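A.B. asks: I'd like to ask some things about the structure below.
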Amino acid sequence: MREEDGQVIKDFMYVMRRAPHGTIYTYEGLEMVLITAAYEQDITIAFIDDGVYSLIKHQDTDDLQIKGYVKTFTALDDYEVEKLYVDRQSLEERGLNKDDLIVDVEILESAEIGKLMEEQDVVIHN
Amino acid sequence: MPLNRKQDKVQFLLILTIENVNMKIGILLKEGPYNHQAADSAYLFAKAAIKRGHDVESVFLYNDGVINASKLADPPQDDRNIYQRWSELGKEGVTILVCVAAAKRRGISEEVLIENASITGLGVLTDIAIRADRLVTFGD
């Protein structure tokens, strides 16, 4: 937590831990991220467990008749949301690697993500 | 001996001080009533925190959590009425807030809202998270 020009800026972490289209958690979580970003807070997103699937390339939701939103992740840069972390073990367990992901992320060990989590002011699980 | 007694006294005062720290708490509830325990836990937590002297400022309903604010539900009489609980908590001064975007998806509008709740935007949740000492999330 810090203050800039009289405004309080907190460290927010959003944890994405579910597959992108089986439930609405990740999508509505992303809506929270965008609003928090508009409030110029310091945002981190951690992708763990099935959450890592949110970032895979070539997602096509047409047959599901669900509005796709993976492109929003590629636009996070514009909202100055740049701290995206992916759990290495979750990625490896699912046979994925960095090249499968649509955005540039930093791959961290679970313990490192845990440490980051500890440093946050606000952690919201989705 | 005198030194020990002094130490004891200091420790005692320290405990008192810690117990007297009143926190400003915001609650984020992400699940609907009955299907998950989250709505029960959030309510019981709010009551316990208030009893301890903390300031539970608001409960923000998101995802399926918005369904907690429907007045159309009519649960069995011999069970807890989760909707009514929130309304009563609202009456006691806790602000019960419903996210407009999540509410629109789920058929929750001003017309079907329980008493003492209101519809607002996600920006307010961010505000709560900034202002509160702790934002406590209840979900699945």
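Just so you know, all these numbers are worked out from the coordinates, no wet-lab data involved. Computed from a predicted structure; not experimentally measured. As a convention, Cβ positions derive from the backbone with ideal geometry for all residues, glycine included, and neighbour counts pool all protein chains shown.
A.B. asks: Output the antiparallel fraction of DSSP beta bridges having both residues in chain B, as a percent to the nearest 5. All intermediate terms of the calculation are to be shown ahead of the outcome.
C.D. replies: Values: 1 of 20 bridges.
DSSP beta bridges in chain B are roughly 5 percent antiparallel.
A.B. asks: With the Cα gyration tensor of the stretch B:22-138 giving a ≥ b ≥ c as the square roots of its eigenvalues, does the rule (a/c under 1.5 for rounded; else a/b larger than b/c for prolate; else oblate) give rounded, prolate or oblate? Write down the numbers at each step before the final one.
C.D. replies: On the way: a/c = 1.75, a/b = 1.20, b/c = 1.45.
Taking the square roots of the gyration eigenvalues as a ≥ b ≥ c, the stretch B:22-138 is oblate.
A.B. asks: Evaluate the charge dipole of the stretch B:22-138 about its Cα centre and quote only its size in Debye, nearest 20, assuming +1 on the Cβ of each Lys and Arg and -1 on the Cβ of each Asp and Glu.
C.D. replies: On the way: 14 positive and 15 negative charges, 63 e Å.
Approximately 300 debye in magnitude.
A.B. asks: Using θ = phi - 60° and the Karplus relation 6.51 cos²θ - 1.76 cosθ + 1.60, list the HN-Hα couplings for the stretch A:42-56 in order, rounded to whole Hz, with x at every Gly or Pro.
C.D. replies: Couplings: 8, 10, 10, 10, 10, 10, 10, 6, 5, x, 5, 5, 4, 9, 6 Hz.
A.B. asks: To continue, here is another question. On average, how many beta carbons from a partner chain sit within 10 Å of the beta carbon of a residue in B:96-107? Walk me through the intermediate numbers first.
C.D. replies: Numbers: counts 0, 0, 0, 4, 0, 4, 4, 0, 0, 2, 0, 0.
Whole-number average of other-chain Cβ neighbours for B:96-107 is 1.
A.B. asks: Could you point to the residue in A:23, A:86, B:77 farthest towards the positive end of the protein assembly as shown's charge dipole, with +1 and -1 charges on the Cβ of Lys/Arg and Asp/Glu respectively?
C.D. replies: So the residue we want is B:77.
A.B. asks: For a quick check: with amide H placed at 1.01 Å from N, whose amide H comes under 5 Å from residue B:113's, ignoring anything fewer than 5 positions away on the same chain?
C.D. replies: Distant-sequence amide H within range of residue B:113: B:71.
A.B. asks: Now for a separate question. When a/c reaches 1.5 or more, the comparison of a/b and b/c decides; with that in mind, is the stretch A:2-125 rounded, prolate or oblate per its Cα gyration tensor?
C.D. replies: On the way: a/c = 2.03, a/b = 1.36, b/c = 1.49.
Oblate shape, in that a/c is at least 1.5 and b/c is the bigger or equal ratio.
A.B. asks: Size of the dipole of the stretch A:2-125 about the Cα centre, Lys and Arg at +1 and Asp and Glu at -1 on the beta carbon, nothing else charged, in debye to 20? Don't jump to the answer; show the numbers that get you there.
C.D. replies: Values: 12 positive and 29 negative charges, 85 e Å.
It comes to approximately 400 debye.
A.B. asks: Another question, then. Report, by chain and number, residues whose modeled amide H sits under 5 Å from the one on residue B:119, excluding near sequence neighbours (fewer than 5 apart, same chain).
C.D. replies: Result for residue B:119 returns B:98.
A.B. asks: If you keep only loop residues by DSSP, which GluC sites (Glu not before Pro) in the stretch A:67-126 have at most 16 other Cβ atoms within 10 Å of their Cβ?
C.D. replies: Passing both the DSSP loop test and the Cβ count: A:80, A:82, A:109.
A.B. asks: Okay, moving on. Let me know the shape class of the protein assembly as shown, please: from the alpha-carbon gyration tensor, a ≥ b ≥ c as square roots of the eigenvalues, rounded when a/c is under 1.5, otherwise prolate if a/b is greater than b/c, or oblate.
C.D. replies: Values: a/c = 1.97, a/b = 1.20, b/c = 1.64.
It comes out oblate by the Cα gyration axes.
A.B. asks: Lysines within cross-link reach of residue B:47: Cα-Cα under 28 Å, excluding same-chain residues under 8 positions apart?
C.D. replies: Candidates past the 8-residue exclusion: A:10, B:24, B:30, B:71, B:91.
A.B. asks: Positive end of the charge dipole of the stretch A:1-56 (Lys, Arg +1 and Asp, Glu -1 on Cβ, about the Cα centre): tell me which of A:41, A:12, A:52 has its Cα farthest that way.
C.D. replies: After comparing all options, I get A:52.
A.B. asks: Next up: Let me have the relative contact order for chain A, percent, based on Cα pairs under 8 Å that are six or more residues apart.
C.D. replies: Working: 199 pairs, mean separation 41.4, N = 126.
Result for chain A is 33 percent.
A.B. asks: Hey, another quick one. Through the Karplus equation 6.51 cos²θ - 1.76 cosθ + 1.60, θ set to phi - 60°, convert the phi angles of the stretch B:106-119 into ³J(HN,Hα) values in whole Hz; use x for Gly and Pro.
C.D. replies: Along the stretch B:106-119, the couplings run 10, x, 9, 9, 3, 5, 9, 6, 4, 5, 6, 10, 8, 8 Hz.
A.B. asks: Can you give the average number of partner chain beta-carbon atoms within 10 Å of each beta-carbon in peptide A:116-125, as a whole number?
C.D. replies: Working: counts 0, 0, 0, 0, 0, 6, 10, 2, 8, 5.
Across A:116-125, the average partner-chain Cβ count within 10 Å equals 3.
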